[in-house]
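Here the structure comes first, spelled out in structure tokens, and everything after it is commentary.
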Amino acid sequence: MCPQIFSILLTLLEKCCCDNLTKIMNSAGLLAIFLCFCILKFDSTVEAASIQERQSGGYDPFYHDCLVHGRHYRHGEIFSIPGYSHCLEYRCNRGGWSIVREACEVEGQCRPVGHYFDTGCRTYRCDKEDRGNYFYYQPTLVRTMCEDINRACRRPGDTFSKVLNGRRYDQCQCIVSNSGQIRYSCSSSVNGGRH
């Protein structure tokens with residue numbers, strides 16, 4: 001690239017009718033070297049930026065914007081990556097980015113990492129798991145309780161009323177397996193019989 005620029009400058013100087021052609025050629029030579037340096041510097045900046053983009057998630061050497069999956073974000077801007085969970089938010093910081101919010105997405109809601117939450121009579125905790133080159137966010141079941149006739153949560157071993165298969169029972173208990181499955185055991189059906 002540099003020899004081409006130098007050749008173009010030389011051709012322009014030869015066409016110029018001046019007394020101090022040598023002075024101008026020396027100045028042109030310095031200009032050509034400067035231009036070559038600038039072009040090489042720009043090329044290496046672009047190459048370094050593309051390497052950094054692949055490694056740390058994007059860098060724009062002129063504006064310090066973030067380039068993430070083909071989208072630009074301004075320095076300081078908080079964003080979620082389209083196509084991924086909206087519960088993970090990042091902040092653009094001088095070309096790179098860092099996580100500012102991480103949570104599990106459960107039924108469209110974001111549950112922060114380490115926090116407990118209930119869904120029905122089941123209690124979960126949002127866990128963050130390191131899988132080598134990425135993190136995985138998932139709710140982990142930590143407690144299961146049983147639901148009575150009024151949809152209140154009861155501990156395994158408690159006695160309560162429950163409707164099963166359209167029949168009301170007043171003497172029910174439940175057993176919860178290690179995997180969180182519930183099995184009800186009832187007697188004294190209001191309609192008669194045992195379940």
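The values are calculated or read from the model by the stated rules, or taken from the named source; none is laboratory data. Worth saying up front: this structure is predicted, and the values here are computed from it rather than measured. Reconstructed Cβ throughout: ideal geometry from the backbone, glycine too, with neighbour counts over all protein chains shown.
Annotations
The rows are residues; the columns are (1) of a type in the set (A, V, I, L, M, F, W, C); (2) in contact with a strand residue (DSSP E or B) (Cβ under 8 Å, 6 or more places away or on another chain); (3) under 29 Å from Leu67 (Cβ atoms); (4) not assigned by TED's automatic domain parsing to the domain that holds Val68.
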site: His115; (1), (2), (3), (4): no, yes, no, yes
site: Thr119; (1), (2), (3), (4): no, yes, no, yes
site: Lys128; (1), (2), (3), (4): no, yes, yes, yes
site: Arg151; (1), (2), (3), (4): no, no, no, yes
site: Pro156; (1), (2), (3), (4): no, yes, no, yes
site: Phe160; (1), (2), (3), (4): yes, yes, no, yes
site: Val176; (1), (2), (3), (4): yes, yes, no, yes
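- Checking each residue in the stretch 144-158 for being surrounded by 12 or more Cβ atoms within 10 Å (Cβ to Cβ) and not β-branched (Val, Ile, Thr) picks out Met145, Cys146, Glu147, Asp148, Cys153, Arg154, Arg155, Pro156, Asp158.
- Of all residues making up the stretch 94-107, the number that are more than 15 Å from the chain's Cα centre (by Cα) and either closer than 23 Å to His69 by Cα or surrounded by 12 or more Cβ atoms within 10 Å (Cβ to Cβ) (or both): 3
- Tyr137 vs. criteria modelled with pLDDT of 95 or more and of a type in the set (Phe, Trp, Tyr): no
- The residues of the stretch 113-143 that are within 28 Å of His72 (Cα to Cα), surrounded by 13 or more Cβ atoms within 10 Å (Cβ to Cβ) and without any contact (Cβ under 8 Å) to a residue 40 or more places away in the chain, listed by number, are Val113, Lys128, Phe135.
- Any hit, the stretch 77-100, residues being acidic (Asp, Glu), at pLDDT 55 or above and farther than 30 Å from Arg183 by Cα: yes
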